[in-house]
Amino acid sequence: MTTKPWSGRFEKETDPQVEAFTASIQVDQRLARHDIAGSVVHARMLGRQKIIPATEATAIVQGLAEVWQDIQAGAVQFSPAMEDIHMAVEALLAEKIGPVAGKLHTARSRNDQVALDIRLFTREAIAATVEAIRELQAVLVRLAEQHGHTIFPGYTHLQRAQPVLLAHHFLAYFEMLQRDQARFREAYARADVMPLGSGALAGVPYPLDRAWVAQQLGFSQVTTNSLDAVSDRDFLLEYQAAASICMLHLSRLAEEIVLWSTPEFGYIELDDAYATGSSIMPQKKNPDVAELVRGKTGQVFGHLLGLLTLLKGLPLSYNRDMQEDKPGFFATADTLLASLRVFAGMLATMKVNRTRAREAAGKGYALATDLADFLVRRGLPFREAHRCVGELVRYAASQDKQLHDLTLEEYQRHSSLFTSDDLGLTAEMSVAARNVLGGTAPGQVAAQIAAARRALEEARPLPAPDLDPRHLIDRTAS
Ligand code: ARG
């Protein structure tokens, strides 16, 4: 049993069950680099402000560099007795430099420390996410370019509705991801605020240079209310909300991939490298990647709801409940990044069966609206035209025929306004007619592809400041 840094107040040792129950080290050791980076800058600031002697600040940062080296080398065995990453680092530092290590926690609490660490982690996670979104969008734009003339069945209610260009369909997902990355950039701005100096809850009685700490760690702002700073996890909620919406988009696309790759639809074939087989049915080639993205989306939603529920009843300021913010957050961050990356590979390698899609797009009376529009141009009110064509479709269906199988005489039985030209209506013509801004006509889609390309080129990566403790030690050396 190790002595706790807070043992002064206590007569008894912690019950081992309590120690195991309250420890977060198994989860928050993932914050080791962020924690040490924050400590390096905090110790340097204490030295610069003469809150501790400069020589001791130097000893502390050098000790922290060694601790980081040990952790990186896998030489540190984290145990529940260490409680959390903050206390673990301090204990490891004490092993390196002795009692001077005890000065690192001057003018700091674990409450503002953990707020700092998780903000640092969130910034990195968002920067990586935005980059992964951009890569997936680049794949979608490439697919759109390849399929700028591929006719595809468009659906509503999962019933064939009107033909579209496959490019148009891919660009719909580009748009969703464009909103996603904007949401993540917003969440980044909210995370990009430096909380150290808030102490446990009330601020600290030392002349800190908070602006300098923020600058060294690449933050653009500092928090302005210490109570809020140690209790605020809005940036995590916003991240998780953005992650949930983004996963929802991937999940919708996943559902389409699953459908399209069935023999019943047959519009795509996944690359062997992105499909899996069955242990019993030799013929199977399953879209497990898409299914798992669809499945994992539920967990991501759950983590958002978990955090909302965790926070809703908490009085100011810090409460230990907040330690439970991390498992779900880390899981979401991992799932989202992995899903975005694997989707990019899966989409880039799948094959589209253009013939099959073209056939499907022409069937199922998908050109009925176009026929109604012909009648409208000849003066018929749209409602009446709709009824005429509806009857024509009912008749065709009763004959087990497609519209292009009918004769002019059969057309004219439903409206004398039909002409022989109408019999030559094709899905290509239907698509070309939708030449409205945002429509599926090839010219419109080409313009959207160009706009998407420009948006990708203009997208700036989010700052991901270098938090390597050794680099920070060099950069902050006066
Ligand atoms: N491990 C805690 C967390 O993740 C931080 C420590 C705050 N603990 C405390 N007793 N004030 O939230």
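FYI, it's all coordinate maths here, none of it is from the lab. The structure presented is a predicted model; accordingly, all values stated were derived computationally and were not measured. Quick reminder, even Gly has a Cβ in these numbers, built from the backbone with ideal geometry, and neighbours come from all protein chains shown.
Worth a mention:
- Whichever residue in region 429-478 is in contact with a His (Cβ under 8 Å, 6 or more places away or on another chain) and in a loop (DSSP other than H, G, I, E, B) and, among such residues, is farthest from residue 189 (Cα to Cα): 440
- If you filter region 48-84 down to residues that are of a type in the set (Val, Ile, Thr) and farther than 20 Å from residue 117 by Cβ, you find that the one that is nearest to the chain's Cα centre (by Cα) is 58.
- Filtered residue count, region 367-394, keeping only those that are out of contact with any Cys (no Cβ under 8 Å at 6 or more places or on another chain) and touching a residue at least 40 places away in the same chain (Cβ under 8 Å): 6
- For region 1-59, taking the residues that are aliphatic (A, V, I, L, M) and assigned to a loop (DSSP other than H, G, I, E, B), the one that is surrounded by the fewest Cβ atoms within 10 Å (Cβ to Cβ) is identified as 1.
- Residue list for region 178-226, filter: in contact with a Pro (Cβ under 9 Å, 6 or more places away or on another chain) and β-branched (Val, Ile, Thr): 222, 223
- Near pairs, Cβ below 7 angstrom, 6+ apart or cross-chain, from region 252-265 (within 16 Å of residue 160 (Cα to Cα)) to any residue that is in a helix (DSSP H, G or I): 265/259
- Of the candidates 397, 432, 451, the single residue that is without any contact (Cβ under 8 Å) to a residue 60 or more places away in the chain, touching a helix residue (DSSP H, G or I) at 6+ places or on another chain (Cβ under 7 Å) and surrounded by fewer than 18 Cβ atoms within 10 Å (Cβ to Cβ) is 432.
- Among the residues of region 235-254, not a single one is in contact with a Lys or Arg (Cβ under 8 Å, 6 or more places away or on another chain), farther than 30 Å from residue 471 by Cα, acidic (Asp, Glu) and loosely packed, with under 15 Cβ neighbours inside 10 Å.
- Residue in region 293-331 that is farthest from the ligand (Cβ to nearest atom), counting only those that are in a loop (DSSP other than H, G, I, E, B) and of a type in the set (Gly, Ala, Ser): 313
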